[in-house]
Amino acid sequence: MNRVYNFSAGPSMLPVSVLQKAQADLLDYHGSGMSVMEMSHRSKWFDEIIQNTEAGIRRVLGVPDNYKIGFFQGGATQQFAMVPLNLMTTGTADYLVTGNFSKKAAEEGAKFGTARIAASSKDRNFTYIPDVKAIDYDPNASYIHICQNNTIFGTRFREVPQVDGIPLVADMSSMIFSEPTDVTKYGCIYFGVQKNVAPAGMAIAILREDLLGKSAKGIPADKIPTMMNYTTLIGKDSMYNTPPCWCIYMTGLMMEYLEHEIGGLEAMAQINRDKADKLYAYLDSQNFYHNPVEPDYRSMMNVTFTSPTPELDKAFCAEADKAGFVNLKGHRLVGGMRASIYNAMPPKAIDDLIEFMEKFRKANA
Ligand code: PMP
């Protein structure tokens, strides 16, 4: 077995112990004589799996009883449309554009009403997060939408908008379960699972109960397509149709891992903080590599950097790949490199990466 350090932004590494648990269960899940991939979603085994997964999310993240949890196909991108379709009751919402995904969310929102760009960090190529306390929010906004960690630009919100009476909606795709989250600050949290939680193929939304049963202004609730309707899907416990069974099962294993092997999100955050701090400290200690993000807004999950030239960036990625550090190429919008260091990236990978970076620097400076 030759496992590499996979720095992909998503789909991403999963903990080896989680993969091994899935492997052990693969051919015969708990005496069922079949794998989770083969069983009916209406079976007693799957019923237990989905209930355990939801209970695990509730315990690990601390989701209060007045929030519902839904498992959906269509990825986080489908949530960009489901949010306005279900929640834009006043016909307008405020969007904070801090990168590519929040821009896409706003564009999707504009199909259902007014997606007002309340703030943007485009002026400095998304290298910072606007001061959320200095923004003039529209008092008539149905919600305020943020992307809490910007996967491509390597930034994150330190503080989130809090406006009386206006629910906060957050795309947490690339930071969910990386640190404790106060769910009560949000009306809706959603995320694609393929970075920090499970294999690709599912998004999870956590919604405050009082926001359900509504629809975008001008669209009657019963005209929302069934598979886009939070209220219907959650009302059927995410089993209106065949759900993404394997992803739900893997999410459950990940919750067990976070709870019992890591010891919860405080402990996970400490590990993640140490990893990120070490890598940023190295980046700040020399002049060959450069991280463009304002220090206060640096992401704990996605660390971007460049070398002195695009040619050296290319050489760096090629040599890194050969040395077992794969998928370090930055997103095409940013160039350079990006190390996505989600929960499953072992701390030793950071030491090894820094050692490799230092060798490359000495050879090419
Ligand atoms: N939001 C964020 C923050 C992301 O990083 C991504 C995926 N890279 C998406 C949304 C889109 O997710 P999906 O591919 O699941 O639609």
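The values are calculated or read from the model by the stated rules, or taken from the named source; none is laboratory data. Quick caveat: nothing in here was measured; it's all calculated off a predicted structure. Positions of Cβ are backbone-derived with ideal geometry, glycine not excepted, and every protein chain shown enters the neighbour counts. Just the protein is used for accessible areas: all its heavy atoms, side chains included, with ligands, DNA and RNA removed. Shrake-Rupley method; radii C 1.70, N 1.55, O 1.52, S 1.80 Å.
Over all directions, how big on average is the projection of the convex hull of the alpha-carbon atoms in segment 92-251, in square nanometres? The directionally averaged projection comes out at 9.7 nm². Determine the distance separating the Cα centre of segment 1-62 from the Cα centre of segment 152-193; give it in Å without decimals. Result: 25 Å between the Cα centres.
Note on the chain: with a GNM built from Cα contacts shorter than 10 Å, the maximum mean-square fluctuation among T89, T184, T251 falls on T184. Compared with the rule-of-thumb size 2.2 N^0.38 Å for a compact globular protein, segment 112-198 has a Cα radius of gyration ratio of 1.10.
Backbone N atoms of segment 331-351 closer than 17 Å to the 7 Å Cα→Cβ label point of T309 belong to residues 336-337.
Sorted on the mean count of surrounding Cβ atoms within 10 Å across their residues, most packed first, peptides 273-279, 176-182 read 176-182, 273-279. Per residue, segment 56-176 exposes an accessible area of 36 Å² to a 1.4 Å probe, with every protein chain left in place.
The phi-based Karplus calculation (6.51 cos²θ - 1.76 cosθ + 1.60; θ = phi - 60°) puts the 3J(HN,Hα) values of segment 330-343 at x, 5, 4, 6, 10, x, x, 10, 8, 9, 8, 10, 6, 3 Hz, whole numbers, x for Gly and Pro.
Within the full protein context, the accessible area of C317 is estimated at about 30 Å² for a probe radius of 1.4 Å. Of all DSSP bridge pairs formed entirely within segment 35-260, close to 50 percent run antiparallel. Measuring only protein heavy atoms, the 1.4 Å probe finds T90 accessible over about 50 Å². Across segment 138-147, computed HN-Hα scalar couplings (Karplus, 6.51 cos²θ - 1.76 cosθ + 1.60, θ = phi - 60°) run 6, x, 8, 5, 5, 6, 10, 10, 10, 10 Hz from first to last residue, x flagging Gly and Pro. Protein heavy-atom surface of the chain, 1.4 angstrom probe: 50% of the accessible area is carbon and sulfur, with nucleic acids and ligands not counted. Any idea how far apart S40 and R59 come out in nm if each label point goes 7 Å out from Cα toward Cβ? Distance between the two pseudo-spin positions: 2.9 nm.
For the pair segment 322-365 / segment 84-136, the C-alpha centres are spaced 31 Å from each other.
A probe of 1.4 angstrom, applied to the heavy atoms of all protein chains, finds R158 with accessible area near 140 square angstrom.
Highest mobility in the GNM of the chain, judged by mean-square fluctuation with C-alpha springs under 10 Å and restricted to P199, P347, P84, is found for P347. Computed over neighbours whose Cβ is under 15 Å from that of K278, the net charge equals -3, Lys and Arg +1, Asp and Glu -1.
Rolling a 1.4 Å probe across the protein heavy atoms gives segment 217-365 an accessible surface of 48 Å² per residue. Show log10 I(q)/I(0) for the chain at q = 0.14 Å⁻¹, two decimals, from a solvent-free Debye sum over equal Cα scatterers. Values returned for q = 0.14 Å⁻¹ are -1.19.
Normalised by the number of residues in segment 35-260, the mean separation of alpha-carbon contacts (under 8 Å, six or more apart) gives a relative contact order of 29 percent.
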